[in-house]
Amino acid sequence: METLSQSISSLSVVLLGLAVVYFCYSAVPFLSESSTSLRSVPGPWLARFSRLWYLKEVSTGQFHHRNVALHKKYGPVVRIAPKQYSISDPSALKIIYGIGNGFAKSGWYDASSAPDGEWKDLFTDRNSARHSANRRVVAKLYSATALRGIEPDVEYCIREFVKQIERIAKSGSTMNLQFWLQCYAFDVISQITLGNTFGFLESGRDHTGIFDSLHGYLKYCALVGVEHELHRPLWWLLNKLPASGLVHIARFTAEQLAHGKKDLGAASEADLASRQNFLSQLFRLQKKDPQKFPDSAIFSTCITNIGAGSDTTSISLCSVLHNLMTHPLALEKLRQEVDAKYSELGSPEFLPFKDTQAMPYLQACIKEALRLHPATGLPLARVVPETGATISGTHFLGGSVVGINTWVMHQNTDIFGPDAQAFRPERWLDQSSEQLSVMERHWIPFGAGSRTCIGKNISLLEMNKLIPVLIKAFDFTAVDGEKARHENYWLVQQVDVLCKITMRRNDNQVGK
Ligand code: HEM
């Protein structure tokens, strides 16, 4: 019979063998570029031979800071893995993300979707032609005109939110702003998408562990994306594990879809057109062409809205509010603008979205907070087309992967000024029109080019509606001082932003 030590030594041989195979496999890209000018691209030594360096760095949850430091050390083009490069040169933005330039999304995105999904979602689809066709089908639902219809849904959620903040303020307890903004963002996006909320704001709890599961899932996507060839077997294994909170998102979406189908199935075109949530509009698209827009397309669109539009929005809102809490002068200036707008409009319960667009300081605060803390924290990786491309003086072979990290771009002092690390909303108000236009072009919290965020207007509406209400009615004091901790697993999420709240005055009209 085999002894324990023999078993251990056989296992060691197998593991060693796997390590050798892995190293040989990951050295292929290194060998293929060894006779080209790409050999001289600087970067960490291990990154030349293996993706392990990048994997290790992503696993720390701090790659956004590391990425900025790498460019300070090595210059505008840095190798982060064999045949993978991070770029900081602003002129690369147009080349890599320019519409029609042929830089498709890289394999990293594969790990963010089910390997055999029937309908490819917009975020992960790497087939540019199919992506454009599918995006065209749903684009109208995210347009500026569609926004008008969702404003009441957002107001409904703000009322629920304000009730909870008032309760916390009266109790004198500490509020975890990050958690509550997540509740707000999840409930708003599910209300807009499915016509029903998850009930986070009402209960103040994440009963089914959705937030933690989503966090774990993002970790999976960020890490397995680096070794995306392993996604299929790992996905298979993952599905053998007990159900997580993600299953609750999928189940909730499927239930709402089934209800919707029953309820809306017999509805006339006019009736469907009058209903504003996504689900009704998606059923409308399906009625027109059931073959072209099957149930899987409806499910995928809804679940992508929830996945892509929840944490991104709460992170951005958290950045705005945390920066305001820790910059009292900016908060005071914004408050004056908010109070003046409420008076001008006769103290409505909510400022209409269109009126918030005419509040320059509010817009500057939002821009500045999203510049300083953009939601995504890894390079937006793209594949160089077959013909190759020259970027920042380096010629890249077709098939190389290149990307710009929003954190790197937003810290560029040539574009945003020597104080690029500071929260200073005035930078958006006191520039020459030429400099402002340069800053606008390099402000990319919603991505760039043909793959830019389709939900940008929705999330801006959610932010513009909420911030004035909170600023008008409450005072927030940060408990942990100026720095919020954050973790980057694709999305750079703040961790436990604690604050004390007091009611600013007694005549708050929200919800009354
Ligand atoms: C402040 C909130 C948001 C931020 C910061 C944000 C950020 C981004 C970024 C950076 C991308 C491009 C990713 C890449 O190139 O890999 C993106 C794509 C996308 N976002 Fe957002 N997003 C936000 C809100 C939303 C909302 C509310 C929705 C849905 C209602 C949404 C749906 C999508 C979709 C579907 C894509 C893929 C678009 C495509 O490739 O055609 N996002 N978002």
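The values are calculated or read from the model by the stated rules, or taken from the named source; none is laboratory data. In this text the structure is predicted, and so the values were computed from the model without any measurement. Counting neighbours? That spans all protein chains shown, and the Cβs are built from the backbone with ideal geometry, glycine included. SASA here: full protein model, heavy atoms, side chains in, ligands and nucleic acids out. Shrake-Rupley method; radii C 1.70, N 1.55, O 1.52, S 1.80 Å.
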What pairs can you find where one residue is in the range 256-275 and over 16 Å from Phe299 (Cα atoms) and open to solvent by less than 40 Å² (accessible area, probe 1.4 Å), the other is among the aliphatic types (A, V, I, L, M) and at pLDDT 70 or above, and their Cβ atoms are less than 9 Å apart, with a gap of 6+ or different chains?
Leu272/Leu264
Has the range 124-145 got at least one residue that is surrounded by 15 or more Cβ atoms within 10 Å (Cβ to Cβ) and away from the ligand (no atom under 13 Å from the Cβ)?
no
Pick from Thr394, Thr376: which is near the ligand (Cβ under 10 Å from one of its atoms), at negative phi and touching a residue at least 60 places away in the same chain (Cβ under 8 Å)?
Thr376
Select from the range 56-66 the residues that are in contact with a Phe, Trp or Tyr (Cβ under 7 Å, 6 or more places away or on another chain) and more than 12 Å from Pro44 (Cβ to Cβ) and list them in ascending order.
Gly61, His64
When the range 358-373 is checked residue by residue, the ones that are open to solvent by 20 Å² or more (accessible area, probe 1.4 Å) and more than 16 Å from the ligand (Cβ to nearest atom) are Ala358, Pro360
Residues of the range 497-512 being modelled with pLDDT under 90 and within 23 Å of Thr313 (Cβ to Cβ), in sequence order, are Val510, Gly511
So is Ser300 of a type in the set (Gly, Ala, Ser) and farther than 24 Å from Asn464 by Cβ or not?
yes
Out of the range 100-122, which residues are within 11 Å of the ligand (Cβ to nearest atom) and of a type in the set (D, E, K, R)?
Lys105, Lys120, Asp121
Yes or no: Phe161 more than 16 Å from the ligand (Cβ to nearest atom) and either open to solvent by 20 Å² or more (accessible area, probe 1.4 Å) or among the polar types (S, T, N, Q) (or both)?
no
Out of (1) outside any loop (DSSP other than H, G, I, E, B); (2) open to solvent by less than 50 Å² (accessible area, probe 1.4 Å); (3) in contact with a helix residue (DSSP H, G or I) (Cβ under 7 Å, 6 or more places away or on another chain); (4) within 28 Å of Asp480 (Cα to Cα), the odd one out for Asp206 is which?
(1)
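The rows are residues; the columns are (1) more than 11 Å from the ligand (Cβ to nearest atom); (2) assigned to a helix (DSSP H, G or I); (3) free of Cβ contacts under 8 Å to residues at least 40 places away in the same chain.
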position: Trp407; (1), (2), (3): yes, yes, no
position: Asp414; (1), (2), (3): yes, yes, no
position: Pro418; (1), (2), (3): yes, no, yes
position: Gln435; (1), (2), (3): yes, yes, yes
position: Val438; (1), (2), (3): yes, yes, yes
position: Phe446; (1), (2), (3): no, no, yes
position: Asn464; (1), (2), (3): yes, yes, no
position: Ile467; (1), (2), (3): yes, yes, no
position: Ile471; (1), (2), (3): yes, yes, no
Any idea which residue in the range 73-127 is farthest from Phe63 (Cα to Cα), counting only those that are among the aromatic types (Phe, Trp, Tyr) and assigned to a loop (DSSP other than H, G, I, E, B)?
Trp119
Given the conditions (1) surrounded by fewer than 19 Cβ atoms within 10 Å (Cβ to Cβ); (2) of a type outside the set (A, V, I, L, M, F, W, C); (3) under 30 Å from Leu380 (Cα atoms); (4) more than 11 Å from the ligand (Cβ to nearest atom), every one holds for Gly481 apart from (3)
Right, Gln276: at pLDDT below 85, under 20 Å from Leu141 (Cβ atoms) and within 15 Å of the ligand (Cβ to nearest atom) or not?
yes
If I filter the range 304-325 for residues that are away from the ligand (no atom under 15 Å from the Cβ) and open to solvent by less than 40 Å² (accessible area, probe 1.4 Å), do I get at least one hit?
yes
Count of the range 420-433 residues which are under 25 Å from the mean Cα position of the chain (by Cα) and assigned to a loop (DSSP other than H, G, I, E, B)
5
Answer residue from the range 448-462, given it is open to solvent by 20 Å² or more (accessible area, probe 1.4 Å) and in a helix (DSSP H, G or I) and is nearest to the ligand (Cβ to nearest atom) among those
Arg451
Restricting the range 194-242 to residues that are of a type in the set (D, E, K, R) and touching a residue at least 60 places away in the same chain (Cβ under 8 Å), the residue that is farthest from the ligand (Cβ to nearest atom):
Arg232
Could you check the range 171-193 and list, in sequence order, the residues that are within 15 Å of the ligand (Cβ to nearest atom) and crowded, with 23+ Cβ neighbours inside 10 Å?
Gln178, Leu181, Gln182, Tyr184, Ala185, Phe186, Asp187, Val188, Ile189, Ser190, Ile192, Thr193
Yes or no: the range 73-86 includes at least one residue that is within 16 Å of the ligand (Cβ to nearest atom) and either surrounded by fewer than 21 Cβ atoms within 10 Å (Cβ to Cβ) or among the hydroxyl-bearing types (Ser, Thr, Tyr) (or both).
yes
